[in-house]
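The values are calculated or read from the model by the stated rules, or taken from the named source; none is laboratory data. All figures in this text were calculated on a predicted structure; none of them were measured in a lab. Methodologically, a virtual Cβ is constructed for each residue, glycine included, from the backbone with ideal geometry; neighbour enumeration extends over all protein chains shown.
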Amino acid sequence: MSADHKARPLLALAVAVGLLALFAVPRLTGNEYVLALGVSFATMSVLAGGLNLVYGYTGLLSFAQVGFFGIGGYTAALMVTDHGWPLWAGAMAGGGLATLVGIVIGYSSLRLSRHAFAIVSLSFALLCMIVARDWVDVTRGAMGIPGLLPPAMDLPGGLRWRIAQPADFYWLLLGFAVVAHALIYVVVTSRLGRAMRAIKLNEPLAQSQGLNPVAYKLLAIALSALLAGIVGGLFVFYLTIVDPSIFDFYYTETMLIMVIIGGPGSFWGVLASSAVLTVVPDLLRFTTDLRMVLYGLVLILAMLLFPGGLGGWLHRRRVARWRRPRPGGA
Amino acid sequence: MDLTFLAQLLLNGIVIGVIYALVAMGLSLIFGVLEIVNFAHGEFYMLGAMLAYFLTAQWGFGYWPAIVIVVAAAAALGYVLYEALLASLRGEGFERSILLTLGLSMVLQNGALYLFTTTPKMAGTSLSYSNVVVGELRLPLARLFALGLGLAAFGALYLILHRTRIGKAMRGVSQNRSAALMVGIDPRAVSRLAVAIGIGLSGLAGAALAPVYAVHPLMGFSFVFKAFAIIIIGGLGNISGAAIAAVLLGVLESVVTGFLPLVMADALAFVAMILVLLVRPQGLFGRGVRV
Amino acid sequence: MTALLQVRGLTKRYLGLTAVDDLSYEVEAGTIVGLIGPNGSGKSTSIDCISGFQPADGGRWSLDGVDLTGLGPHRIARAGLTRSFQTVRAYDELTLLENMGVAAQENDGIGWLQALLRGGTLRRADAAARARGRDLLATVGLADYAEAPAAVLSYGQRKLLAIAAAMMARPRLVVLDEPVAGVNPTMIRRIEAVIRKLNAEGVALLIVEHNVDFIMSLCSRVIVLEAGARIADGPPGLIRSDPRVLAAYLGKSSAAATAARHG
């Protein structure tokens, strides 16, 4: 515990400095490429963080995240363009609908085996794409809803913020990402997060101690859906269009790699890997195809050699430290 | 109602259903014997079609030799795959197998995209444009051959599973792994063969359909999810259940396409799967492994 | 005085085999009761049923008057009945203190919102849980490992941790499933001492075991099962020479000889 207590103020300082630097970026450079990377990092890190909550902490392998992402996007687009809602309300509506859908799907499939749950979550994501492509009356079909212009956002204090420049989107998405990660952090460092880990580590033991696994799993799913839905609602305005490609498997593959490399169950690890995996592949100028081949290879190698990820390696180190011979005997 | 139209739809449905069955049975076999959900399964269907295309359209092989080559290559690939990747998994942690096969699927799919681009290719053979006419029904020869191949594969699989020692061993492992191991069945040999057969079936399906539909790197992707839905509907690990569910789905899809917009047909597999899971989670035909 | 745990007519069938057959028994508050019987007699199955891990095909059971029949395992735990497992279970990646914390968290009245808002109530509850956790770890002799991940423990130490964790939520009854199986004699004595200490605090214990000597020296009452049914129920002295019990364990002819020797 003493090491943790020493580290905590240091950590807080590092986070504060880091955030300050991140938010200052648009003032330091007008380079749109950098700003686009920032938006990408903010969005993908929220998706990966939610997946980490469901899979890394609670142990539920789920492919449904991208479904919540797209539902948020479509809902926000429709609410804003067809009904004149403010952007934040549209995004919240997106998050709300995604949460509802997540709870319904979760509740009905959690009693299935883990194999079936994984397949159902996958089919859900696929169904979302099919519905988006074919329910033309609502979603405008394969063409999607283009020309999304974000309305100005009313800030407290009577200010109006016209979100039009890349810098604006950078601040918007980054700002939300900070809120989202803060929320995830509060949950995973609380006894709720500890309960999720317990359920992942040994569900029957947790049940015998009074924990209700379904409740905690639903909590993880609901929270991840809420955050994915809201960020989706904001992201589609950055893209200025929402179409069925918002449900692309590419998002699922990318967020999975971020979680696997960062270490399932490691909050900071996944945050770090989100950053690295947003910036590095772009720097290396890989085409999407090659990037995916590389991700696939990384996934294969990780599963063969490091099934526990970074977190598992850290855990083994802790165990080894305790097992060293100690004076006085056990 | 136009009976000829309906009969045409039924026939098309049976053909596609048989092909679905080949893919689904392979997937089911691999799951039953190894407890692995093979995410990369669709890619072997795609590779089978790709190879068939190149053999017939680019390198001048005949249709039948191409089929034989594809099946042999696919089975061999399955064998190698098992030894290199899957053997080490050994049933420990099923997330690992899903993620590993997902990684494999990413490599194969995107590798194919990189090498061949998304332009669809037509594996035009001498059969592509001839039809057999029975009464008022037109049966494209290519589809008939696909049907024939599928049925032949069914027969071969049945014989293997029920008449050979190792086939019976596969069924044993699939129904009760620990009991099978206790009576001395070698899990590696059985698993290896299961993967080889499963991948072989998938490749065969791809080659059989190459003359019928366009061939492109993403064709396996949409296929495999339907295969997942099919094995859930039929019952996880239940091979004959998968076959029946597959044919039923094929027919249903075909009939629906004739009367309703295309969207319904595509979503049918998943809606059916969800219904089955809600009402009868162990699948229509059930199995040893609990769903 | 009504008993703490009342089991009436418990029945469990597996595909034609009756594993537990119309079983009825009681456990008085604050006592240590043993549950023994030859292999396949239904001991573990019956406690899997009353702790909610297996659905029963018939019968009812209650704790302190509260009907537990058909409830899920987490509801039964919250009602005051906790257990340990034959396959010794622990949260390997969590520290021992964290293990203890999890065991207590559903029983200190802190809701989810309170857990997130991190107010004074939560801090007090967490502090109380930590204190109780350290206390119990000290009782079982694992205080030195409080900050160690549970993975470092030996098999016997894991059993001690499991017993300590089962006590965290202040249960009325703790069911132990083979607490000394596969453990060396020194550790057996240690576990026995721990159980006595915990019982002195007022907790009732129901112990399923194969080690008959262990049961006889520890328990004030012993219930014997055979083929899913109760064949004997009484103080250890009586059970030791009960001909039906001997017959169940030793076979009929040896039973008669043994009875003659001890009679």
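For the reader, a short list of remarks on this structure follows.
- Looking only at residues of the stretch C:44-93 that are of a type in the set (Lys, Arg) and out of contact with any helix residue (DSSP H, G or I) (no Cβ under 8 Å at 6 or more places or on another chain), we find that the one that is nearest to the other protein chains (Cβ to nearest Cβ) is C:ARG78.
- Subset of the stretch C:115-130 (residues that are small (Gly, Ala, Ser) and surrounded by 15 or more Cβ atoms within 10 Å (Cβ to Cβ)): C:ALA115, C:ALA125, C:ALA129
- Verdict on C:LEU122 being in contact (Cβ under 8 Å) with a residue 40 or more places away in the chain and on the phi < 0 side of the Ramachandran plot: no
- The residues listed here are B:ALA169, B:ALA265; of these, the one that is surrounded by fewer than 24 Cβ atoms within 10 Å (Cβ to Cβ) and modelled with pLDDT of 80 or more is B:ALA169.
- Put simply, of A:GLY265, A:GLY296 the only residue that is at positive phi and touching a helix residue (DSSP H, G or I) at 6+ places or on another chain (Cβ under 7 Å) is A:GLY265.
- All positions within the stretch C:148-165 that are free of Cβ contacts under 8 Å to residues at least 12 places away in the same chain and touching a strand residue (DSSP E or B) at 6+ places or on another chain (Cβ under 9 Å): none
- Residue ranges of helices (runs of 4 or more DSSP H) in the stretch C:201-251 with at least 1 members under 16 Å from C:VAL175 (Cα atoms) and under 18 Å from the mean Cα position of the chain (by Cα): C:212-218
- Residue, surrounded by the most Cβ atoms within 10 Å (Cβ to Cβ), within the stretch A:213-265, restricted to residues that are charged (D, E, K, R) and within 14 Å of chain B (Cβ to nearest Cβ): A:GLU253
- Some residue of the stretch B:205-212 being within 14 Å of chain A (Cβ to nearest Cβ), in contact (Cβ under 8 Å) with a residue 60 or more places away in the chain, over 13 Å from B:GLY42 (Cα atoms) and surrounded by 19 or more Cβ atoms within 10 Å (Cβ to Cβ): no
- For the stretch A:77-100, the count of residues that are touching a helix residue (DSSP H, G or I) at 6+ places or on another chain (Cβ under 6 Å), facing chain B (nearest Cβ under 10 Å) and of a type in the set (Gly, Ala, Ser) is zero.
- Any chance B:LEU275 is within 14 Å of chain A (Cβ to nearest Cβ), hydrophobic (A, V, I, L, M, F, W, C) and not in a helix (DSSP H, G or I): no
- Taking each residue of the stretch A:98-116 that is among the aromatic types (Phe, Trp, Tyr) and looking for partners that are surrounded by fewer than 22 Cβ atoms within 10 Å (Cβ to Cβ) with beta-carbon atoms closer than 7 Å, six or more apart or interchain, yields A:TYR107/A:LEU218.
- Restricting attention to the stretch C:69-101 and to residues that are free of Cβ contacts under 8 Å to residues at least 24 places away in the same chain and assigned to a helix (DSSP H, G or I), the residue that is surrounded by the fewest Cβ atoms within 10 Å (Cβ to Cβ) turns out to be C:ARG75.
- Residue match in the stretch C:152-160 (condition: closer than 23 Å to A:TYR216 by Cα and crowded, with 16+ Cβ neighbours inside 10 Å): no
- Of the residues making up the stretch C:111-123, those that are outside any helix (DSSP H, G or I) and either farther than 15 Å from A:TYR216 by Cα or in contact with a Cys (Cβ under 9 Å, 6 or more places away or on another chain) (or both) are C:ARG118, C:GLY119.
- Subset of the stretch A:44-80 (residues that are part of a helix (DSSP H, G or I), among the polar types (S, T, N, Q) and within 26 Å of B:PHE94 (Cα to Cα)): A:SER45, A:ASN52, A:GLN65
- Only residues that are free of Cβ contacts under 8 Å to residues at least 60 places away in the same chain, of a type in the set (A, V, I, L, M, F, W, C) and within 17 Å of B:ALA146 (Cα to Cα) were counted across the stretch B:56-71, and they come to 3.
- Residue within the stretch A:181-189 that is out of contact with any Leu (no Cβ under 9 Å at 6 or more places or on another chain), more than 7 Å from chain C (Cβ to nearest Cβ) and assigned to a helix (DSSP H, G or I) present: yes
- Which numbered condition C:ALA181 fails, given (1) among the aliphatic types (A, V, I, L, M); (2) within 29 Å of C:SER46 (Cα to Cα); (3) in a helix (DSSP H, G or I): (3)
- Residue match in the stretch B:13-29 (condition: within 25 Å of B:VAL215 (Cβ to Cβ), surrounded by fewer than 21 Cβ atoms within 10 Å (Cβ to Cβ) and touching a residue at least 12 places away in the same chain (Cβ under 8 Å)): yes
- Inter-residue pairs, beta-carbon under 6 Å, first surrounded by fewer than 13 Cβ atoms within 10 Å (Cβ to Cβ) and in the stretch A:141-154, second charged (D, E, K, R), 6+ apart: A:ALA142/A:ARG133
- Contact map, the stretch C:181-206: residues that are at positive phi paired with residues that are hydroxyl-bearing (Ser, Thr, Tyr), Cβ distance under 7 Å, separation 6+ or inter-chain. Pairs shown: C:GLY182/C:TYR155.
- Considering only residues in the stretch B:196-246 that are among the aliphatic types (A, V, I, L, M) and not in a helix (DSSP H, G or I), the one that is nearest to B:ALA267 (Cα to Cα) turns out to be B:LEU218.
Results for (1) in contact (Cβ under 8 Å) with a residue 40 or more places away in the chain; (2) surrounded by fewer than 24 Cβ atoms within 10 Å (Cβ to Cβ), shown as yes or no for each residue.
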site: A:PRO26; (1), (2): yes, yes
site: A:ASN31; (1), (2): no, yes
site: A:GLY50; (1), (2): yes, no
site: A:LEU61; (1), (2): yes, yes
site: A:ASP82; (1), (2): no, yes
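- Taking the listed residues A:LEU148, A:LEU192, the one that is in a helix (DSSP H, G or I), on the phi < 0 side of the Ramachandran plot and of a type outside the set (Ser, Thr, Tyr) is A:LEU192, with no other qualifying.
- Across the stretch A:103-136, the number of residues qualifying as within 8 Å of chain B (Cβ to nearest Cβ), small (Gly, Ala, Ser) and assigned to a helix (DSSP H, G or I) comes to 5.
- Selection count where residues are within 14 Å of chain A (Cβ to nearest Cβ) and over 30 Å from B:ALA169 (Cβ atoms), scope the stretch B:28-86: 0
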